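Undergrad: Quick one: the structure is below, questions incoming.
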Amino acid sequence: MTDVYLSPLVERFATSGMKALWSAQKKFSTWRRCWVALAEAEQELGLDISDAQLDALRAHIEDIDFEKAAAYEKEMRHDVMAHIHAYGDAAPEARAIIHLGATSCYVGDNTDLILMREGLELILDKVAATLNRLKAFSREYKDLATLGFTHYQPAQLVTVGKRACLWAQDLLLDGIAVEQALATLRCRGVKGTTGTQASFLALFNGDVDKVRELDQRVAAKLGFDASFIITGQTYPRKVDTQILNALAGIGESAHKFGTDMRLLQNRKEVEEPFETSQVGSSAMPYKRNPMRCERICALSRFLMTAPLHGAFTTATQWFERTLDDSAIRRLSVPEAFLAADAILNLYLNVMERPRVYPKVIEKHLWEELPFMASENILMHCVQRGGDRQALHEVIRRHAQTAGMRVKEEGADNDLIARLASEPAIAMSRDEIEALLDVRQFVGRAPQQVEDFITAEMDPFLERHAHRLDAMSDVQV
């Protein structure tokens, strides 16, 4: 449709699986599954519900007449009642027992929890696959020395693989947070209008045990190990905030990764994929803009605000419930999942085919390495009998001069040549360059990569071995 607004998350960025999850078809067919689960459990516990009525409900789970439901909602101004009537029209023999004893939140809340559970599983697919790519990248480049940066100023050397482990560690923490959210997720169950289960107690003639059993059976039929024991009209809205926080964490991690990659692409050291026919700029044909990582950062800023919606909603739920949670949740929950999915899709895409340029990395490294090696040169000279303070002044003076030539004249760093010709240093260029072996400056970075992979990445990836082959699907 070109004459109405469509969310860019749906139109451009999110993947088909996540878009289908939050579709009207999925939502309202899940409502119907919730109604079937309730009716089945009520029949099993003795209510007068026939097999024919259940069969009729099961037969019409997917064939939803959306036009009829929309017409009912226009008349009633109530979406749940509209769909009860539309379902009843499709299965008239079961009309009388649809939604028996329930309140609107029975279908609405339980469906939202089901969809969030399935959404978290889709998120884990992308997290695990991306971590697997980061693992391979980290291991491949664990020994490739590169300039480290603090304050975006050159600092001690690290390795390309070690830096990638910083990205992986952040995303791994997000994956664990998603695992924890899934492990603790419960359904709302059957609680009635204010959470007391009074309507169900009336249906079962005051039989407390049957009402408790009904709640447990419905939870099991909906795929949950348990339901909340205590609710108002809704499940605790803090659950939304907790899940949105887990998703927002992915935004934090991805934004950091995307920013680092954009800076590295400016330095021409590491690049995101660039297609053969891709256009970087409509005006400048030579441009290779980091489009994917820029998009990661943009969508991440949107995602990182999502928990605020959950927090404000939870904070303003009066007593057992107020309906100002409804409209905001229709936006914030699905869009957060769509954004997280889009971000991870881009992250995975970048890590499927990153380009590393070792020669450029080496060139940049050698522009700074002579300065960083000055302390090693100083210690070597002292060990050969030199005066530490006098030598420090000699090296400082040459380093300052070399630095000014680099800044003011755009000249190469000639500190090594200067020191090699300095009588007080009394070392040949070959001797000095022998002290500049980059392996002496990266510390335990290569071993840290292996330690991190073995101790932390591999256990997570082994838990999600069935997810590691997921591929990206970037459309624009």
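The values are calculated or read from the model by the stated rules, or taken from the named source; none is laboratory data. Since the model is a prediction, treat every value here as computed from it, not as a measurement. All Cβ positions, glycine included, derive from the backbone under ideal geometry; neighbour counts span all protein chains shown.
Listed here are the residues, each with its yes/no results for (1) assigned by TED's automatic domain parsing to the domain that holds Arg397; (2) in contact with a Lys or Arg (Cβ under 8 Å, 6 or more places away or on another chain); (3) surrounded by 17 or more Cβ atoms within 10 Å (Cβ to Cβ).
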residue: Gly410; (1), (2), (3): yes, no, no
residue: Leu419; (1), (2), (3): yes, no, yes
residue: Pro423; (1), (2), (3): yes, no, no
residue: Met427; (1), (2), (3): yes, no, yes
residue: Val442; (1), (2), (3): no, yes, yes
residue: Ala445; (1), (2), (3): no, yes, yes
residue: Arg463; (1), (2), (3): no, no, no
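Undergrad: Quick test for you: out of Val350, Val356, Val382, Val360, pick the one residue that is more than 30 Å from Thr193 (Cα to Cα), at pLDDT below 95 and aliphatic (A, V, I, L, M).
TA: Values: Val350 fails: at pLDDT below 95; Val356 fails: at pLDDT below 95; Val360 fails: at pLDDT below 95.
Result: Val382 is the single residue among Val350, Val356, Val382, Val360 that is more than 30 Å from Thr193 (Cα to Cα), at pLDDT below 95 and aliphatic (A, V, I, L, M).
Undergrad: Kindly provide the set of residues from the range 128-156 that are in contact with a Phe, Trp or Tyr (Cβ under 9 Å, 6 or more places away or on another chain), aliphatic (A, V, I, L, M) and modelled with pLDDT of 95 or more, ordered by number.
TA: Those that are in contact with a Phe, Trp or Tyr (Cβ under 9 Å, 6 or more places away or on another chain), aliphatic (A, V, I, L, M) and modelled with pLDDT of 95 or more: Ala128, Leu131, Leu134, Ala145.
Undergrad: Any chance the range 193-206 includes a residue that's among the small types (Gly, Ala, Ser) and closer than 16 Å to Ala37 by Cβ?
TA: No - not one qualifying residue is present in the range 193-206.
Undergrad: Please identify the pairs in which a residue from the range 12-26 that is in contact (Cβ under 8 Å) with a residue 40 or more places away in the chain and on the phi < 0 side of the Ramachandran plot has its Cβ atom under 8 Å from the Cβ atom of a residue that is among the polar types (S, T, N, Q) and not in a loop (DSSP other than H, G, I, E, B), counting only partners at least 6 apart or on another chain.
TA: Phe13/Asn345; Ala14/Asn345; Thr15/Asn345
Undergrad: Out of Leu338, Leu308, report the one residue that is in a helix (DSSP H, G or I), within 18 Å of Ala246 (Cβ to Cβ) and without any contact (Cβ under 8 Å) to a residue 12 or more places away in the chain.
TA: Leu308
Undergrad: In addition: I'd like to verify a number: residues in the range 442-473 that are closer than 29 Å to Ile377 by Cβ and part of a loop (DSSP other than H, G, I, E, B), how many?
TA: Here the count works out to 3.
Undergrad: Does the range 384-407 contain any residue that is surrounded by 14 or more Cβ atoms within 10 Å (Cβ to Cβ) and touching a strand residue (DSSP E or B) at 6+ places or on another chain (Cβ under 8 Å)?
TA: No, because not a single residue in the range 384-407 is surrounded by 14 or more Cβ atoms within 10 Å (Cβ to Cβ) and touching a strand residue (DSSP E or B) at 6+ places or on another chain (Cβ under 8 Å).
Undergrad: Quick check, is Glu140 over 30 Å from Gln448 (Cα atoms) and within 36 Å of the chain's Cα centre (by Cα)?
TA: Against the criterion (over 30 Å from Gln448 (Cα atoms) and within 36 Å of the chain's Cα centre (by Cα)), Glu140 does not qualify.
Undergrad: Take Met116 and tell me if it is crowded, with 19+ Cβ neighbours inside 10 Å and either in a helix (DSSP H, G or I) or in contact with a strand residue (DSSP E or B) (Cβ under 9 Å, 6 or more places away or on another chain) (or both).
TA: When the stated conditions are applied, Met116 passes them.
Undergrad: Let me ask something else. Look at the range 96-110 and say how many of its residues are over 19 Å from Thr196 (Cβ atoms) and buried (at least 16 other Cβ atoms within 10 Å of the Cβ). So that I can check it myself, show each step before the final result.
TA: In the first step, residues of the range 96-110 are kept if they are over 19 Å from Thr196 (Cβ atoms); the result is 96-98.
Still in the running and buried (at least 16 other Cβ atoms within 10 Å of the Cβ): 97-98.
Qualifying residue count, the range 96-110: 2.
Undergrad: To continue, here is another question. Which ones in the range 197-225 are small (Gly, Ala, Ser) and in contact with a helix residue (DSSP H, G or I) (Cβ under 6 Å, 6 or more places away or on another chain)?
TA: Answer for the range 197-225, where residues must be small (Gly, Ala, Ser) and in contact with a helix residue (DSSP H, G or I) (Cβ under 6 Å, 6 or more places away or on another chain): there is none.
Undergrad: Here's a follow-up. Those residues that are more than 20 Å from Ile328 (Cβ to Cβ) and either at pLDDT below 95 or surrounded by 21 or more Cβ atoms within 10 Å (Cβ to Cβ) (or both), I need them from the range 298-309; list them, please.
TA: Within the range 298-309, just Ser300 meets the criteria.
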